[in-house]
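Please treat every number below as a calculation from the coordinates, not as lab data. Only a predicted model underlies this, so the values are computations on that prediction, with no experimental measurement involved. Heads up, the Cβs are rebuilt from the backbone with ideal geometry, glycines too, and the neighbour counts pull from every protein chain shown.
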Amino acid sequence: MRNNKGRFDKTLWTANEVGEKIRWVQLSDERAEAEFVGKEIQKWLAAHHEFSFQDVAVFYRSHAQSRSLEEIFRRNRINYRIVGGVGFYERKEIKDALAYMRVLVNPDDSVSLLRIINVPARGLGKTTLDKVEQFANTRRLSFFAGLRKLLEEGATDVPPSAKKKLVEFVKMLDSFRDLATRSHVSEVYHHILEATGYVTELKAENSDEAQARVQNLEEFDTVIQFFEEDAKRRGLGPKDGLLQGFLNQVTLEVSLLNKEDETSNVGSVSMMTLHSSKGLEFPLVFLVGMEEGIFPSRQAIGGEEENSEGVEEERRLAYVGLTRAKQKLLLTNAQVRRIYGQVQVASASRFLAEIPHEFVEMEIQRPDTGARFGVRASWESEKATGYQSWKSKPAAATGPAKTAGGLTYEYDDGGSSSYKVQSTTVGDEGGSIAVGQKVRHAAYGLGTVKNLEGSTADRKVTIEFTGRVVKKFSLKHVQLDPA
């Protein structure tokens with residue numbers, strides 16, 4: 001918290017005995033992160049029989065991050081509950097997207113059709129829809145078949161303006177269905193969101209709730225991308241009924257939704273945003289997604305001039321999360337993460353580096369197998385050499401240097417227990433950043449350094465990213481990787 005300029009100095013203390021160090025684990029991606037959390041919960045409860053699921057909490061910056069965790073928890077029969085929210089597939093925007101897809105596969109799914117016929121709002125009132133439903137019931141047809149038949153017969157009982165909107169709706173669904181027969185699920189999904197203006201309407205609301213819904217839709221795109229990658233490995237394409245296959249997979253996931261047994265004494269793992277964690281404490285706490293652009297969030301980091309107030313508020317939120325753990329605290333970040341279906345290199349959150357090194361124990365896991373690099377270490381900063389020295393625990397690894405998450409890991413082939421980790425993150429102390437250099441930012445992607453200004457102690461860099469987006473950062477706080 002000393003990094004916040006607008007704070008009052010205070011000295012905090014605890015009457016508790018010295019406990020375990022904070023454990024920071026870097027994993028390959030969000031799937032590996034979720035699997036790690038699930039396994040650690042099971043291991044911890046197996047070793048501590050006095051505790052149950054209700055003594056465990058997982059915190060994240062936004063509810064969109066819960067999806068991969070929910071998937072792993074269901075598979076491993078870990079009871080969980082979403083505090084201050086609902087499960088991923090129970091969220092309105094996800095139900096809406098699935099309803100559109102289900103109607104494309106089965107036009108006679110009247111429940112799904114009625115859900116989305118006026119979403120986003122198309123000006124179709126209850127009176128008009130009641131007339132369509134009455135007509136369909138009289139002819140013993142599904143709602144959509146009745147709607148099509150009604151329009152074929154002229155729809156004389158429907159006002160001209162409403163009739164026009166119904167015709168446009170039917171044409172839109174027909175175009176979606178045609179696309180679904182020859183395109184990948186992700187293409188169909190993107191087209192639905194664009195053609196209906198669903199995301200545009202949410203962004204126009206400019207509210208925190210709308211922003212959270214957009215993030216959920218982005219995460220749903222990640223679900224689709226994972227499905228398509230699996231389908232590709234099995235040699236399946238659009239002509240093999242991918243949309244139906246995807247819906248079958250989601251239906252299976254939903255059917256496995258965790259239902260806590262009220263008679264059970266094991267309780268549920270609490271999953272919640274950091275905002276919801278205020279005032280709560282748990283013996284075991286996980287804080288996931290500790291990456292620039294996620295925590296602190298892209299919005300908090302700000303635009304051309306870094307938003308110091310936004311970052312300071314995020315830092316206060318981080319402090320809240322860190323202090324919710326009674327006995328054990330684990331922090332995780334991913335080396336790469338899918339955002340709106342696209343794989344992006346993720347930089348570790350600045351808040352991780354701000355925790356005093358003597359209180360942190362770090363562990364790196366291999367991106368390919370999930371096995372450890374062999375490093376489980378406590379930090380000792382060696383500013384003079386530009387290295388961070390790592391004193392490993394008993395298991396030592398050997399082999400060539402590995403690069404992951406902006407760090408180069410050097411191994412002692414002689415079996416020594418000492419490791420050195422050299423950061424390849426762009427810094428200015430040694431003049432390693434220059435105008436014209438290509439760099440990569442976790443939230444904004446690839447960019448070119450356009451200007452450097454200020455003293456060495458407070459150096460600022462201006463970068464132009466793809467799409468002519470220009471941002472200015474303080475080199476003390478931003479993490480940039482060489483491109």
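Work out how much length His275 to Glu153 would gain on full extension: take 0.36 nm times their residue separation and subtract the Cα-Cα distance, in nm to one decimal. Before the final figure, lay out the partial values.
Values: separation 122, 0.36 × 122 = 43.92 nm, distance 5.51 nm.
That works out to 38.4 nm of additional length.
Applying 1/(1 + (r/R0)^6) with R0 = 45 Å to the Cβ-Cβ distance of Asn118 and Lys450 gives a FRET efficiency near 0.45. In this structure, the pairs whose alpha-carbon distance is over 29 Å, taken from Lys95/Lys164; Lys278/Lys438; Lys95/Lys326, are Lys278/Lys438; Lys95/Lys326.
Between Asn3 and Lys239, the simple label model (points 7 Å from Cα in the Cβ direction) yields a spacing of 5.4 nm.
Taking 7 Å steps out from each Cα toward its Cβ at Lys131 and Glu361 produces label points 7.2 nm apart. Between Val435 and Ser308, the FRET efficiency estimated from the beta carbon spacing at R0 = 25 angstrom works out to 0.55.
Normalised size of the stretch 55-182, defined as Cα radius of gyration per 2.2 N^0.38 Å with N residues, equals 1.39. Annotation for the stretch 13-63 versus the stretch 156-215: alpha-carbon center distance of 41 Å.
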